[in-house]
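J.: Encoded as structure tokens, here's the structure I'll be asking about.
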Amino acid sequence: MNDQSRNGVQEEPSPGGRHSVAGAVRAPPRVVAAVEGLKALRVEREILEAEEERLRGIVQTCMGQRESLLIDNRVAVTWMVSRPARRFDGEAFRVAHADLYRKFCKTGPVSRRFLLK
């Protein structure tokens, strides 16, 4: 059973050799519509995120250094100072203890990145 009979699309060789040996496939109309839908959602998400950032700025400006905002005598928003994060500095450890670092390194599974162009 070839890929065309399995999923109803025609496989094509990879352009320029930049992709895996699996090659490329022509998108049927329903997949073209899905890609266009994803692109439209990405634009909508960016617009919504920008609006969220704008509105958050208004609220934070009002709050200043205060930790909470009241609406109708009820706490509607809090903005607390967090404790400093403690993170492991893997690069500094690798430099200071190269042998030990190599001993505990392991290769993760292969993955694929899904990118809209």
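The values are calculated or read from the model by the stated rules, or taken from the named source; none is laboratory data. These numbers come from a predicted model, not from an experiment. No Cβ is skipped: glycine too gets one built from the backbone with ideal geometry, and neighbour counts run over all protein chains shown.
J.: Look at region 29-42 and say how many of its residues are out of contact with any Leu (no Cβ under 8 Å at 6 or more places or on another chain) and surrounded by 10 or more Cβ atoms within 10 Å (Cβ to Cβ). Talk me through it step by step, then tell me what you get.
T.: Keep residues of region 29-42 that are out of contact with any Leu (no Cβ under 8 Å at 6 or more places or on another chain), which gives 29-34, 36-37, 40-41.
So of that shortlist, the ones also surrounded by 10 or more Cβ atoms within 10 Å (Cβ to Cβ) come out as 31-34, 36-37, 40-41.
Of the residues in that region, 8 qualify.
J.: If the requirement is being farther than 30 Å from GLY37 by Cα and under 23 Å from the mean Cα position of the chain (by Cα), which of these qualifies: GLY64, GLY108? Spell out how you get there, then give the answer.
T.: Values: GLY64 fails: under 23 Å from the mean Cα position of the chain (by Cα).
The match here is GLY108.
J.: Now for a separate question. Quick check: is even one residue across region 71-78 at pLDDT 95 or above, surrounded by 11 or more Cβ atoms within 10 Å (Cβ to Cβ) and among the hydroxyl-bearing types (Ser, Thr, Tyr)?
T.: Checked against the condition, which is being at pLDDT 95 or above, surrounded by 11 or more Cβ atoms within 10 Å (Cβ to Cβ) and among the hydroxyl-bearing types (Ser, Thr, Tyr), region 71-78 yields no hits at all.
Per-residue answers, yes or no, for (1) free of Cβ contacts under 8 Å to residues at least 24 places away in the same chain; (2) among the hydroxyl-bearing types (Ser, Thr, Tyr); (3) assigned to a loop (DSSP other than H, G, I, E, B):
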residue: GLU52; (1), (2), (3): yes, no, no
residue: GLN65; (1), (2), (3): yes, no, yes
residue: ARG83; (1), (2), (3): yes, no, yes
residue: GLU91; (1), (2), (3): yes, no, no
residue: LYS103; (1), (2), (3): yes, no, no
residue: THR107; (1), (2), (3): yes, yes, yes
